[in-house]
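So the structure is just underneath, and the comments pick up after that.
Please treat every number below as a calculation from the coordinates, not as lab data. All values reported here derive from a predicted model rather than from experimental measurement. Backbone-built Cβ (ideal geometry, glycine too); neighbour counts: all protein chains shown.
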Amino acid sequence: MRIIGGRFRGLGLAEVGKGDPAAHLRPTSDRVREAIFNLLTNGGYGDPVTGARVLDLFAGTGALGLEALSRGAAQCCFVDDGRKAGALIRTNIALTRSAAETLLLRLDATRLAPARAAPFDLIFLDPPYGLGLGEKAVAAALAGGWFAPGALLVWEENAAPVVPSALDLLDQRRYGDTLVSLLRYPA
């Protein structure tokens with residue numbers, strides 16, 4: 001696993017192997033990450049990454065958020081309640097020397113309290129597949145004011161998620177067993 005583009009391009013991240021089912025770690029493959037960022041930057045959405053405040057829910061290894069930082073995001077907040085995930089994210093933050101631009105919160109993404117900082121422009125959501133946790137996390141983030149007006153949400157699942165009425169579905173693409181849905185929170 002490595003950073004695909006930007007200032008950290010080619011940097012190898014801490015390895016998880018094929019994933020850690022006990023810790024629900026299933027890292028987004030380099031191929032899918034590259035496809036996500038190609039969609040974001042070439043999909044007619046302007047430049048949603050440069051200068052963005054990024055929220056990485058169910059962050060796992062932090063690869064999605066770190067890829068965004070590498071490509072010009074201003075800062076990234078990683079949310080994951082797993083110990084192994086937290087250790088991997090801390091290691092990857094150290095590898096990228098991005099501590100000043102990051103915040104790691106050990107929280108259950110499905111039970112987010114009201115946001116204590118400015119809302120986020122770009123949100124990545126990669127929950128364990130097939131458990132309905134993505135829908136719960138989105139509901140908690142919306143209720144807590146974590147979405148900035150006009151924010152984009154990139155949601156990875158193995159099947160089409162139930163899209164909350166507060167969000168507009170912009171695009172869906174399948175990459176192997178991963179379905180990527182791109183949604184917007186109205187401005």
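Let me check I've understood the local charge: for residue 49, count other residues with C-beta under 10 angstrom from its C-beta, Lys and Arg +1, Asp and Glu -1. What total comes out?
Details: positive: 71; negative: 47, 67, 121.
Taking every Cβ under 10 Å from that of residue 49, the sum is -2.
If you count, for each residue, the other Cβ atoms within 10 Å and average over each peptide, how do 99-107, 77-85 line up from highest to lowest? If you can, show how the numbers build up before the last one.
Numbers: 99-107: 14.6, 77-85: 20.7.
Descending mean neighbour count gives 77-85, 99-107.
Spelling out what I want: for every residue of segment 44-55, take phi, set θ = phi - 60°, compute 6.51 cos²θ - 1.76 cosθ + 1.60 (Karplus), and round to whole Hz; glycine and proline get x.
Coupling constants for segment 44-55: x, 10, x, 10, x, 9, 4, x, 6, 8, 10, 10 Hz.
Could you tell me which residue out of 155, 60, 141 lies farthest along the dipole of the chain toward its positive end? Charges go on the beta carbon: Lys and Arg +1, Asp and Glu -1, centred on the Cα centre.
The residue sitting most towards the positive pole is 60.
Sorted by mean Cβ packing within 10 Å, highest first, what order do the peptides 45-53, 135-143 take?
Numbers: 45-53: 16.7, 135-143: 19.2.
Packing proxy ranking, top to bottom: 135-143, 45-53.
Can you list the residues, at least 5 places off or on another chain, whose amide H is less than 5 Å from the amide H of residue 76, using H built in the peptide plane?
Correct list: 54, 102, 103.
For segment 176-187, just list the computed ³J(HN,Hα) in residue order, Karplus coefficients 6.51, -1.76 and 1.60, θ = phi - 60°, integers in Hz, with x standing in for Gly and Pro.
With the stated coefficients, segment 176-187 comes to x, 8, 9, 9, 9, 10, 10, 10, 10, 8, x, 6 Hz.
Label segment 131-187 by shape, choosing from rounded, prolate and oblate, from the square roots a ≥ b ≥ c of the eigenvalues of the Cα gyration tensor; if a/c is under 1.5 it is rounded, and otherwise prolate applies when a/b is larger than b/c, oblate when it is not.
Verdict is oblate for segment 131-187.
Just one of (i) 114; (ii) 104; (iii) 123 is volume of the Cα convex hull per residue in Å³ calculated from these coordinates, so which is it?
This structure yields the entry labelled (ii).
Using the Cα centre of segment 21-184 as the reference point, and only Cβ charges (+1 on K/R, -1 on D/E), how large is the resulting charge dipole? Debye, rounded to the nearest 20.
Details: 16 positive and 17 negative charges, 79 e Å.
That gives a dipole near 380 debye.
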